[in-house]
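Chemist: This is the structure, below, for whatever I ask next.
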Amino acid sequence: LFGYPTGLGALIVRNGMVSASIADIDFIKRREGIEELFEDGTVSFLSIISIRHGFKILNSLIVSAISRHTTSLALYTRKMLLAMRHGNGSNVCILYGHHNSMKLCHERGPIISFNLKRPDGSWYGYREVEKLASLSGIQLRTGCFCNPGACAKYLGLSHLDLISNTEAGHVCWDDHDIINGKPVGAVRVSFGYMSTYEDAKKFLDFVASSFMSPQNHIDHGNQMKGLEKGFVDAGYSLKSITIYPIKSCGGFSARSWPLSNNGLSHDREWILKSLTGEILTQKKYR
């Protein structure tokens, strides 16, 4: 409703939380350990004090005006994302939902779910997008958004895909965002009454600068052929590398650094926990 606080409401947990579930068949995988089974059942009592301030703001505004504003932002962002092309003409962004339907704009809501593609048609992982967005000061939600049925439907994941991914150890909150060439989640951007066109433009500029390839940098086949004869001059030079081994902590610079399947080796590989087991991040503690 008003961005912050979130996670407020009534939650009834029966027999504990699960690591995975499939919406249309009788399949679940329970979490292991009593603390994992019930840790998500705690009401966000520290944020409840903010509720009256949030409703006070809503009461001072006109809900229909909020709807028009957020719908306008979402429509603008959808159109711009769909118009983005790589240098070879391929789509940068794949949107999920009814953005191409005759549904009225105000019925679509201010939320856009999507994934991004490389010039060769392969996918950018949603966790990669989320991490880069965070570095640019943009907050996105990624994964299946607690909606396994819609996630499987729009991503084209079969029962066999979901079961094999689960048996391989995948859970919604890990970094395995591409499995067997398929995305197992998506990226979501959402707008509220406080969002502006400047916010939308910053997000679109981020997507274009980080994931859209110009014509002279997309022909990987020709580049690889060129590498057989020598290096290809792409016109760029790397000035520095900064590694952040512990999430939300300071980094260090290196002249060179090895790569892993997930990017820079050991980057954001560890986290800090309090004595009560709570993960410490800059979003909560500054």
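The values are calculated or read from the model by the stated rules, or taken from the named source; none is laboratory data. Owing to the predicted nature of the structure, the values given are computational and were not obtained by experimental measurement. When we count neighbours, we look across all protein chains shown, and the Cβ atoms used for this are built from the backbone with ideal geometry, even at glycine.
Chemist: Report yes if ARG78 is assigned to a helix (DSSP H, G or I) and either at pLDDT below 80 or loosely packed, with under 12 Cβ neighbours inside 10 Å (or both), otherwise no. Full working, then the answer.
Modeler: Values: assigned to a helix (DSSP H, G or I): yes; either at pLDDT below 80 or loosely packed, with under 12 Cβ neighbours inside 10 Å (or both): no.
The answer is no for ARG78.
Chemist: Which residues, taken from region 254-272, are loosely packed, with under 10 Cβ neighbours inside 10 Å and outside any loop (DSSP other than H, G, I, E, B)?
Modeler: LEU259
Chemist: Conditions first: (1) under 14 Å from the mean Cα position of the chain (by Cα); (2) modelled with pLDDT under 90; (3) under 21 Å from LYS201 (Cα atoms). CYS144 passes all but one, so which condition is the exception?
Modeler: Failing condition for CYS144: (3).
Chemist: Inside region 170-213, can you point out the residues that are aromatic (Phe, Trp, Tyr) and surrounded by 15 or more Cβ atoms within 10 Å (Cβ to Cβ)?
Modeler: PHE191, TYR193, PHE203, PHE206, PHE211
Chemist: Going residue by residue through region 106-120, is there one that turns out to be modelled with pLDDT under 90, assigned to a helix (DSSP H, G or I), outside the structural domain of ILE22 (by TED's automatic domain parsing) and not basic (Lys, Arg)?
Modeler: yes
Chemist: Here is a follow-up. Taking region 174-198 as the search range and keeping residues that are out of contact with any helix residue (DSSP H, G or I) (no Cβ under 8 Å at 6 or more places or on another chain) and acidic (Asp, Glu), which one is nearest to VAL63 (Cα to Cα)?
Modeler: GLU198
Chemist: Considering only residues that are surrounded by 15 or more Cβ atoms within 10 Å (Cβ to Cβ) and either of a type in the set (A, V, I, L, M) or outside the structural domain of SER190 (by TED's automatic domain parsing) (or both), which ones fall in region 53-73?
Modeler: GLY54, ILE66, LEU73
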